[in-house]
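> Have a look at the structure that comes next, please.
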Amino acid sequence: QVQLVESGGGLVQAGGSLRLSCAASGTISRLVIMGWYRQAPGKQRELVATITSGGITNYADSVEGRFTISKDNNKSTVYLQMNSLRPDDPAVYYCTLVRILPRGDYWGQGTQITVSS
């Protein structure tokens, strides 16, 4: 089993920055993909960014150039640095971990991001 604990959400002014953290614990193999999804009220959950064990990153077009995903393998932690936050960024942000072997998909409890104009 894998547990994901997120932190760093909150309220920020438009144009500001926040950094999310997600610490993973449990049965984590070396081959994993970690990332962030978000879900705004009335909308489907959408990909924000992912990072592989090898450091390959992938971003949604809407956050490319503004958000940066990174990881600390020693701490099994993934980060999401969010800059230039916009009024369309508010959502509940969920950390996710996909373990390749044995296969498993895990989600954090979510953390709320609110952007004030």
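> Which residue, 53, 104, 9, has the largest displacement toward the positive end of the dipole of segment 1-104 when charges sit on each Cβ (Lys, Arg +1; Asp, Glu -1)?
Going by the charge dipole, the pick is 104.
> Kindly rank 84-92, 38-46 from highest to lowest mean number of other beta carbons found within 10 Å of each residue.
84-92, 38-46
> Now for a different question. What is the spin-label model distance, in nm, from residue 25 to residue 72 if the labels are put 7 Å beyond Cα along the C-beta direction?
Each label point lies 7 Å from its Cα, and together they span 1.5 nm.
> Now for a separate question. Below 8 Å, C-alpha to C-alpha, sequence gap of six or more: please give me the relative contact order for the chain in percent.
36
> Could you work out the mean projected area of the convex hull around the alpha carbons of segment 1-51, in square nanometres to one decimal?
4.9
> If you plug each phi of segment 79-85 into the Karplus form 6.51 cos²θ - 1.76 cosθ + 1.60 with θ = phi - 60°, what whole-Hz ³J(HN,Hα) values come out, in order, with x for Gly and Pro?
10, 10, 8, 10, 10, 6, 4
> Let me ask you something else. Taking the Kirkwood radius as the inverse of the mean 1/r across Cα pairs, report the Rg/Rh of the chain.
Rg/Rh: 0.96.
> What share of Cα pairs, in percent, lie more than 12 angstrom apart in segment 55-95?
Every Cα pair in segment 55-95 considered, those over 12 Å come to 66 percent.
> Same structure again: Under a point-charge model restricted to the Cβ atoms of Lys and Arg (+1) and Asp and Glu (-1), what is the dipole moment magnitude of segment 2-117 relative to its Cα centre, in debye to the nearest 20?
Computed about the Cα centre, the dipole is about 240 debye.
> Using amide H atoms built in the peptide plane, which far-off residues or other-chain residues are under 5 Å from residue 16 H to H?
85
Bear in mind that the values in this text are calculations on the coordinates, not laboratory data. In this text, all values refer to a predicted model and were calculated from it rather than measured experimentally. Virtual Cβ from ideal backbone geometry, glycine too; neighbours counted across all protein chains shown.
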